[in-house]
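Please read the structure below before turning to the comments.
The values are calculated or read from the model by the stated rules, or taken from the named source; none is laboratory data. If you're wondering where the values come from, they're calculated on a predicted model, not measured in any experiment. We place every Cβ from the backbone using ideal geometry, glycine too, and count neighbours over all the protein chains shown.
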Amino acid sequence: MEKPTLDHIGIAVRSIAATKIYEALGLRVDHVETVESQGVRTAFLSVGDSNLELLEPLSDDSPIGRFMAKRGEGLHHICLRVTHLDEHLARLKKRGFRLINEAPVPGAHGCRVAFLHPSAGNGVLIELSEKE
Ligand code: ZN
């Protein structure tokens, strides 16, 4: 099994127009996608081998909408790219780590993703992502 790599850092924003600060720094929006299953509109900007993912909630009762109601805009999660996502989830569960998604769900870019509970990541929401 390959070592995980940093795929992206997720940032909750009111509007993906928030990309303008990163564009002012010379980064470019590579990809904009609405992920209906997560109730979110995303914009990706590549930074070296990793990306920033800006997350705009489609509604107040979506996961990002609820996050922003509590904490406002800001850092939301980190995403590690893995191979063998199902094996990782099974192993983490067996070792007692709390998972939000016990089975992978569809994410942006046609990836399969799963979120671990922030209590498993010392307050950091960790997303695992596997390319199809
Ligand atoms: Zn993400």
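Rundown of residues vs (1) free of Cβ contacts under 8 Å to residues at least 24 places away in the same chain; (2) exposed (fewer than 13 other Cβ atoms within 10 Å of the Cβ); (3) more than 16 Å from the chain's Cα centre (by Cα), yes/no style:
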residue: 92; (1), (2), (3): no, no, yes
residue: 95; (1), (2), (3): yes, yes, yes
residue: 101; (1), (2), (3): yes, no, no
residue: 110; (1), (2), (3): yes, yes, no
residue: 119; (1), (2), (3): yes, yes, yes
residue: 123; (1), (2), (3): yes, yes, no
residue: 129; (1), (2), (3): no, no, no
residue: 132; (1), (2), (3): yes, yes, yes
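Give segment 23-39 a look and list any residue that's of a type in the set (Gly, Ala, Ser) and surrounded by 13 or more Cβ atoms within 10 Å (Cβ to Cβ), or say none. Can you show your working first?
First pass over segment 23-39, keeping only residues of a type in the set (Gly, Ala, Ser): 24, 26, 37, 39.
39 - this is the single residue of segment 23-39 that is of a type in the set (Gly, Ala, Ser) and surrounded by 13 or more Cβ atoms within 10 Å (Cβ to Cβ).
Looking only at segment 1-22, filter to residues that are part of a loop (DSSP other than H, G, I, E, B) and surrounded by fewer than 17 Cβ atoms within 10 Å (Cβ to Cβ); which one of those is nearest to the ligand (Cβ to nearest atom)?
So the residue we want is 4.
Please specify each residue of segment 66-90 satisfying the condition of being within 16 Å of residue 56 (Cβ to Cβ), away from the ligand (no atom under 12 Å from the Cβ) and surrounded by 13 or more Cβ atoms within 10 Å (Cβ to Cβ). Before you say what the answer is, go through the steps one by one.
Our first condition is that a residue be within 16 Å of residue 56 (Cβ to Cβ); within segment 66-90, this holds for 66-69, 71-77.
Filter once more, keeping what is away from the ligand (no atom under 12 Å from the Cβ): 66-69, 71-74.
Listed by number, the residues that qualify are 66, 67, 68, 73.
Among all residue pairs at least 6 apart or on different chains, which show Cβ distances below 7 Å where the first residue, located in segment 66-88, is aromatic (Phe, Trp, Tyr) and the second is not in a helix (DSSP H, G or I)?
Listed pairs, sorted by first residue: 67/12; 67/76.
Examine segment 52-60 for a residue that is within 13 Å of the ligand (Cβ to nearest atom), in contact (Cβ under 8 Å) with a residue 12 or more places away in the chain and within 21 Å of residue 132 (Cα to Cα), and state whether such a residue exists.
yes
Considering only residues that are part of a strand (DSSP E or B) and of a type in the set (A, V, I, L, M), which ones fall in segment 54-76? Reasoning before the result, please.
Initially, segment 54-76 is screened for residues part of a strand (DSSP E or B), giving 54-57, 74-76.
54, 55, 75 - these are the residues of segment 54-76 that are part of a strand (DSSP E or B) and of a type in the set (A, V, I, L, M).
For residues that are modelled with pLDDT of 95 or more and over 15 Å from residue 18 (Cβ atoms), scanning just segment 71-82, find the one that is farthest from the chain's Cα centre (by Cα).
So, considering only residues that are modelled with pLDDT of 95 or more and over 15 Å from residue 18 (Cβ atoms), the one farthest from the chain's Cα centre (by Cα) is 82.
Residues of segment 35-45 being within 14 Å of the ligand (Cβ to nearest atom) and either part of a strand (DSSP E or B) or out of contact with any strand residue (DSSP E or B) (no Cβ under 9 Å at 6 or more places or on another chain) (or both), which ones? Give the steps one after another, and end with the answer.
Kept after step one, since they are within 14 Å of the ligand (Cβ to nearest atom), are these residues of segment 35-45: 35, 37-45.
Those that are within 14 Å of the ligand (Cβ to nearest atom) and either part of a strand (DSSP E or B) or out of contact with any strand residue (DSSP E or B) (no Cβ under 9 Å at 6 or more places or on another chain) (or both): 35, 40, 41, 42, 43, 44, 45.
I'd like to check something: does segment 51-67 contain any residue that is under 15 Å from residue 5 (Cα atoms) and within 13 Å of the chain's Cα centre (by Cα)?
Yes - at least one qualifying residue is present in segment 51-67.
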